[in-house]
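Below you'll find the structure, written out as structure tokens, and then a few comments.
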Amino acid sequence: MRRMLAFAAVLYSAAALAQSSAPPPADAEKPAAEAKSAKPAKKPAAKGAIAVRLQACQDIEDGTKGRLDCYDAVIKPEPNPKAPAAKTVMQCKFTKEEDERLNCYNGFVDSMPKLPKS
């Protein structure tokens, strides 16, 4: 039992040390003009943030291209004619036909619990 505890303590301290040492900034070797032109990496949006953004699309009139464009701005479409029926809102992006994709998004977003707008 003591060996397992000691082993766990060593692993925990090694993990803590690995996290505490920050890597050097990537822009340190680049000239200032080149560093400014680099695009920052996109962070994946939190699930709650996506839900709020999808629900904001509900404010646009139903059945319009504007609402579909709003949904497509949140979840980029990737049409796939062989895609199976969507089981999650994220799979709606594979629907090729615009009307079907809009109905797919509406079905999921209408059934979501209302989240507070941020």
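The values are calculated or read from the model by the stated rules, or taken from the named source; none is laboratory data. Because the structure is predicted, anything quoted here is derived from the model rather than measured. All Cβ positions, even for glycine, are placed from backbone atoms using ideal geometry, and neighbour counts span all protein chains on display. The accessibility values were calculated without ligands, DNA or RNA, using every heavy atom of the protein model including side chains. Shrake-Rupley method; radii C 1.70, N 1.55, O 1.52, S 1.80 Å.
Does Arg67 satisfy the criteria of being open to solvent by 80 Å² or more (accessible area, probe 1.4 Å) and in contact with a helix residue (DSSP H, G or I) (Cβ under 6 Å, 6 or more places away or on another chain)? Against the criterion (open to solvent by 80 Å² or more (accessible area, probe 1.4 Å) and in contact with a helix residue (DSSP H, G or I) (Cβ under 6 Å, 6 or more places away or on another chain)), Arg67 does not qualify.
Applying a threshold of 7 Å to beta carbon distances and a minimum spacing of six or more residues, or different chains, the list of pairs starting in segment 56-73 at a residue that is touching a residue at least 12 places away in the same chain (Cβ under 8 Å) and aliphatic (A, V, I, L, M) and ending at one that is surrounded by 14 or more Cβ atoms within 10 Å (Cβ to Cβ) and part of a helix (DSSP H, G or I) reads Leu68/Glu98; Leu68/Arg101; Leu68/Leu102. Scanning segment 46-78 for residues being assigned to a loop (DSSP other than H, G, I, E, B), farther than 18 Å from Ser111 by Cα and not small (Gly, Ala, Ser) gives a total of 4. Scanning segment 79-118 for residues that are open to solvent by 40 Å² or more (accessible area, probe 1.4 Å), in a loop (DSSP other than H, G, I, E, B) and among the polar types (S, T, N, Q) returns Asn80, Thr88, Ser118.
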